[in-house]
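Below you'll find the structure, written out as structure tokens, and then a few comments.
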Amino acid sequence: MANPSLLSLSVCLLILFHGCLASRQQGQQQNECQIDQLDSLEPDNRVEYEAGMVETWDPNHEQFRCAGVAVARHTIQPNGLRLPEYSNAPTLMYIVEGEGMTGTLIPGCPETYQAPQQGQQHGQSSRFQDKHRKIQRFRKGDIIALPAGVANWCYNEGNSPVVTVTLLDVSNSQNQLDMYPRKFNLAGNPEDEFQQQQQQQSRGRRQSQQKSCNNIFCGFDTKILAEVFQVEQRLVKQLQNEKDNRGAIVKVKGDLQVIRPPRRQSERGFESEEESEYERGRRGRDNGLEETICTMKLKENIHDPSRSDIYTPEVGRITSLNSLNLPILKWLQLSAERGVLQNNALMVPHWNFNAHSIVYGCKGNAQVQVVDNFGNTVFDGEVSEGQIFVVPQNFAVVKRARGQRFEWISFKTNDRAMISPLAGSTSVLRAMPEEVLANAFQISREDARKIKFNNEQPTLSSGQSSQQMRDDA
């Protein structure tokens, strides 16, 4: 007989999951996607801090309003610490360059990392020097998933800058405020990095009352905070430190001393340093009950070529990350795709039939075309490293590498985003009978057969020069 408590929990999870999907669909219907022209976009705002900077794209731009997202890029210098913060929307953070450590502070989870006890060997009274939540190392190619309202901090322990691109899904059902990205700071006095008029006005009113203190503790009375922390008001005023002008990314003196396990020898390689054999065996088989939120995996690397889902030598590769290999994405309703094109290769025209796609150029350049439902070319241009463009749901897109290499990361607004190719062995045209193609395009069956079978590659196609294409014509 089924366990009643497990059955009840299963029903609750099913209702919650269905509610998230319904809420997301309702939120997406409120977005405006009447777009006549797309652009490849550079950041609109840049804020420099003591040990790094934050660049943001205007969340009010019609492309981001259509997709219901906001995007930021962080650069953290060596020994730089991005102070703890949380946001009103689920977040995917991609590590473009560098390595370091991060802590995700999920409410109610125990402190599982602790220092050895003092005086234990001599039988004296002892207490812990420190204990805290689990710390994870990150490296180039990692995706870190964060639910709305969950605080996080990052530290650069390498010798080169850490560069991250962060997507905030403000249209997600987890965000019950509004369509603006909001950062809630637990320390420091950072600026409003998205420069939103609404927040600037509210911040101006707050600053007129509390000077320059911008973190979450600033609005509370010092006596109340002293009582809840059971410390002196002098120490509480340090939490509200109005004179701290270092910003959101600060310089750590020396090395950041935390409790963490030793590095594995394979950590510098492609293998995930924190994924055990047990975790690898269980990947993709989460039953929704056995895995608790405190032990849920929040990170996966998609830089490793051996993890490619689609691979053609000398042409390129594509690696997808969705709720099948990172189960928390089912909760966040997000996924990601990393692609590499080589030697003028292209990714065949296709559309995302259940998600918007937010594409960030990681390396090199590409020629991109996007077509809307009227058959109009809404984008025909070059995308370079550091630029972003949005492909709305069902809009068709093609990418071709300009030169030797183009690399990108795509964030998608569905935990199991799927594409439908227009050409190749898995395309919709390949799936049609020859007679249907012949009548649809007014061509012979022989030409219909060419359209269906000439390109046997599924998604990626080797480059062909424009001169060759003209000669073939």
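Quick notes on this structure:
- Only one entry of GLY204, GLY188 meets the criterion of being surrounded by fewer than 13 Cβ atoms within 10 Å (Cβ to Cβ) and either at pLDDT 85 or above or farther than 19 Å from GLY149 by Cβ (or both), and that entry is GLY204.
- Any pair with Cβ under 6 angstrom, 6 or more apart, that starts in region 249-278 at a residue that is at pLDDT 50 or above and ends at one that is of a type in the set (Phe, Trp, Tyr): ILE249/TYR49; LEU256/TYR155; ILE259/TYR113
- Segments classed as strands (runs of 3 or more DSSP E), wholly inside region 298-357, with at least 3 members that are over 22 Å from PRO458 (Cα atoms): 299-301
- Counting only strands (runs of 3 or more DSSP E) that sit completely within region 361-473, those holding 1 or more residues that are open to solvent by 50 Å² or more (accessible area, probe 1.4 Å), more than 26 Å from LEU168 (Cα to Cα) and in contact (Cβ under 8 Å) with a residue 60 or more places away in the chain correspond to 396-412.
The values are calculated or read from the model by the stated rules, or taken from the named source; none is laboratory data. These numbers come from a predicted model, not from an experiment. As a convention, Cβ positions derive from the backbone with ideal geometry for all residues, glycine included, and neighbour counts pool all protein chains shown. Just the protein is used for accessible areas: all its heavy atoms, side chains included, with ligands, DNA and RNA removed. Shrake-Rupley method; radii C 1.70, N 1.55, O 1.52, S 1.80 Å.
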